[in-house]
Ligand code: ATP
Ligand code: RIB
């Protein structure tokens, strides 16, 4: 099985379940806040570990108790997190999340140590990239760091997967050259392309990214499933599994990780996306980020029951 390296963010999530997402200027009350291990990078590493991949995490946390909790969570999932940097002068990243009655979330991330991950850190961690087969990136660390890591990995002939979340204000167009698979959700797809969902179809927007040199575009469409535009397997829509969603947090992260895991096992992108769609349908039925991500055995049992 190929090795997966994830370079990205680690956050402690503070989750408030609310009746509805607060409007601008509105204050609402809720009875409790839950602390859950999160961060897009860490969620993807945790998910890949739970799916039994050979996975390493690189990023930065503070020398505080949240940082330790996040590293312990990754280790419990079988992830090699020994290389994650501990910063003396920055706090571990935090995410403030509301989840409404429909299971939809809104998130504010306080980047903390994630924002300190630099190009020099990537240079110092070069051996991690040399030793991997697949590099998985997201955009909760500085954009220039993402570009540098992607460029380095590509120059070494590695497979690069980008989850372009959250889409930065200035997305560097040259980044497309280094990416083998990109996985935006629908909102991110339109932000990247500058297209209008009222006027341009998913197919057109994905085609725009393909035209910039990315061979495989996977668009997650929430309860509408997945759209795939791929050099390898063509254009395909995969419907979502019908479930009762209570919290979609980390559904996209689990999806991206599951795709990487199947690619590491040599499967084609259609089979990888089909499996990932099933994994994410479990995630949305549970609350929280890493707390909602299933182990491989749970996914296998779930798939047997679905037959
Ligand atoms: P996140 O909430 O983690 O940011 P995302 O916006 O990146 O997620 P989505 O497109 O919302 O990603 O969802 C990712 C995948 O999760 C979907 O492609 C689908 O497989 C699954 N999924 C999401 N919502 C549902 C749902 N209501 N029912 C079934 N599956 C779902
Ligand atoms: O994708 C979900 C994640 O986004 C949360 O765990 C939160 O930390 C934010 O980074």
Handout entry: Only one of 81, 95, 113, 48 that is under 25 Å from residue 183 (Cβ atoms), touching a strand residue (DSSP E or B) at 6+ places or on another chain (Cβ under 6 Å), more than 16 Å from ligand 1 (Cβ to nearest atom) and in contact (Cβ under 8 Å) with a residue 40 or more places away in the chain
Key = 113
Practice task
Output yes when any residue across the stretch 244-252 is surrounded by 14 or more Cβ atoms within 10 Å (Cβ to Cβ) and over 16 Å from the mean Cα position of the chain (by Cα), and no when none is.
Solution key: yes
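Every residue, every condition in (1) surrounded by 19 or more Cβ atoms within 10 Å (Cβ to Cβ); (2) within 16 Å of ligand 1 (Cβ to nearest atom); (3) over 25 Å from the mean Cα position of the chain (by Cα); (4) farther than 24 Å from residue 140 by Cβ, yes or no:
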| position | (1), (2), (3), (4) |
| --- | --- |
| 1 | no, no, no, yes |
| 7 | yes, no, no, no |
| 19 | no, no, yes, yes |
| 29 | no, no, yes, yes |
| 33 | no, no, no, no |
| 37 | yes, yes, no, no |
| 43 | yes, yes, no, no |
Exercise for the section: Take the stretch 117-144 and flag every residue that is within 16 Å of ligand 2 (Cβ to nearest atom) and surrounded by 19 or more Cβ atoms within 10 Å (Cβ to Cβ). Expected result: 117, 136, 137, 138, 139, 140, 141
Exercise for the section: Filter the stretch 67-98 down to the residues that are more than 18 Å from the chain's Cα centre (by Cα) and crowded, with 22+ Cβ neighbours inside 10 Å, then identify the one that is nearest to ligand 2 (Cβ to nearest atom). Expected result: 92
Exercise for the section: For the stretch 236-249, state whether one or more residues are touching a strand residue (DSSP E or B) at 6+ places or on another chain (Cβ under 7 Å), near ligand 1 (Cβ under 9 Å from one of its atoms), closer than 27 Å to residue 73 by Cβ and free of Cβ contacts under 8 Å to residues at least 60 places away in the same chain. Expected result: no
Problem - The lone exception for residue 147 - which of (1) within 30 Å of residue 89 (Cβ to Cβ); (2) at pLDDT below 95 it fails - result: (2)
Fill in the blank from the handout: Considering the stretch 148-170, residues that are more than 15 Å from ligand 2 (Cβ to nearest atom), part of a loop (DSSP other than H, G, I, E, B) and touching a residue at least 24 places away in the same chain (Cβ under 8 Å), and then whichever is surrounded by the most Cβ atoms within 10 Å (Cβ to Cβ), we arrive at 158
Problem - Scope the stretch 280-294; condition out of contact with any strand residue (DSSP E or B) (no Cβ under 9 Å at 6 or more places or on another chain), surrounded by 20 or more Cβ atoms within 10 Å (Cβ to Cβ) and in a helix (DSSP H, G or I); matching residues - result: 281, 283
Practice task
Pick out, from the stretch 173-243, the strands (runs of 3 or more DSSP E) lying fully within it that include 3 or more residues that are surrounded by fewer than 16 Cβ atoms within 10 Å (Cβ to Cβ).
Solution key: 234-238
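The values are calculated or read from the model by the stated rules, or taken from the named source; none is laboratory data. Remember, predicted model here, so these are calculated numbers, not experimental data. Counting neighbours? That spans all protein chains shown, and the Cβs are built from the backbone with ideal geometry, glycine included.
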